[in-house]
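The next block holds one structure in the form of structure tokens; read it before the comments.
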Amino acid sequence: MRLKIMQTGEPVLREEARLLTPQEIFSEETQRLIHEMRDAMRDAPGVGLAAPQIGLPLQLAVIEDREDLLEAFSADDLAERERRPVPFHVIINPVIAYSSGEKKSFYEGCLSLPGFSAVVPRARTIRVAYLDERAERQFVEASGWYARILQHEIDHLQGTLYIDRMLTRTFTTLDNWTRLHKAKPIPQSHSDASNE
Ligand code: ZN
């Protein structure tokens with residue numbers, strides 16, 4: 001089965017998703033869903049996919065930043081973004097326990113808004129408590145790009161899209177980003193702009 005990724009405008013992307021019970025997490029249905037979401041994320045390809053993006057208002061997202069996705073970027077770009085491979089994992093009922101005051105601003109995109117990108121200030125470091133696919137409590141401290149992915153996916157579970165947090169005047173088509181903005185540094189000084 002190929003999952004369809006919901007596009008912006010679908011009400012489910014704007015709803016607060018509901019928590020999963022341990023019984024639901026253990027169910028065959030949820031276990032199958034996790035595998036289908038993993039495949040859909042890899043097909044896209046993307047580094048994260050939240051259940052509302054496939055039409056399900058559930059607090060569940062899959063994340064993976066694979067080595068081969070990183071090959072498209074220079075060592076400098078990766079270092080600047082603090083981007084390193086992240087193994088596949090599932091976050092269920094996540095809660096952000098801490099966000100650093102320090103923010104970083106980079107262009108990001110979303111599978112529910114294909115073809116566009118914008119600069120989004122995000123906390124550089126966060127700590128997240130969540131349940132894994134065995135309903136076991138996990139705690140992660142993430143920084144750099146992984147922290148950005150977590151914040152983006154957890155936003156999806158609250159009905160928030162990156163366009164709610166972006167620096168609006170940086171909104172661009174991907175074609176224009178590649179042509180005009182990709183090679184340019186992003187000023188970090190505006191990172192305290194009130195765009196939350
Ligand atoms: Zn997204």
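The values are calculated or read from the model by the stated rules, or taken from the named source; none is laboratory data. All values reported here derive from a predicted model rather than from experimental measurement. All Cβ positions, glycine included, derive from the backbone under ideal geometry; neighbour counts span all protein chains shown. For the accessible areas, the whole protein counts, side chains as well, though only heavy atoms, and no ligand, DNA or RNA atoms are used. Shrake-Rupley method; radii C 1.70, N 1.55, O 1.52, S 1.80 Å.
Numbers at a glance
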{"read-out": "Of the criteria (1) within 25 Å of residue 51 (Cα to Cα); (2) out of contact with any helix residue (DSSP H, G or I) (no Cβ under 9 Å at 6 or more places or on another chain); (3) outside any helix (DSSP H, G or I), which one residue 183 fails", "value": "(1)"}
{"read-out": "Candidate set from segment 136-150 (those that are open to solvent by 20 Å² or more (accessible area, probe 1.4 Å) and within 16 Å of the ligand (Cβ to nearest atom)); member that is nearest to residue 77 (Cα to Cα)", "value": "145"}
{"read-out": "Strands (runs of 3 or more DSSP E) fully within segment 25-135 counting 1 or more residues that are more than 16 Å from the ligand (Cβ to nearest atom) and either under 14 Å from the mean Cα position of the chain (by Cα) or buried (at least 20 other Cβ atoms within 10 Å of the Cβ) (or both)", "value": "86-99, 103-108, 116-123, 125-131"}
{"read-out": "Among (1) within 28 Å of residue 68 (Cα to Cα); (2) of a type in the set (A, V, I, L, M); (3) open to solvent by 20 Å² or more (accessible area, probe 1.4 Å) - the single one residue 161 does not satisfy", "value": "(3)"}
{"read-out": "Flag for residue 169 being away from the ligand (no atom under 15 Å from the Cβ), part of a helix (DSSP H, G or I) and not hydrophobic (A, V, I, L, M, F, W, C)", "value": "yes"}
{"read-out": "Pair list, Cβ < 8 Å and 6+ apart or interchain, from segment 153-177 residues that are under 19 Å from residue 12 (Cβ atoms) to residues that are among the charged types (D, E, K, R) and not in a helix (DSSP H, G or I)", "value": "155/165; 157/16; 158/16; 159/15; 159/16; 162/108"}
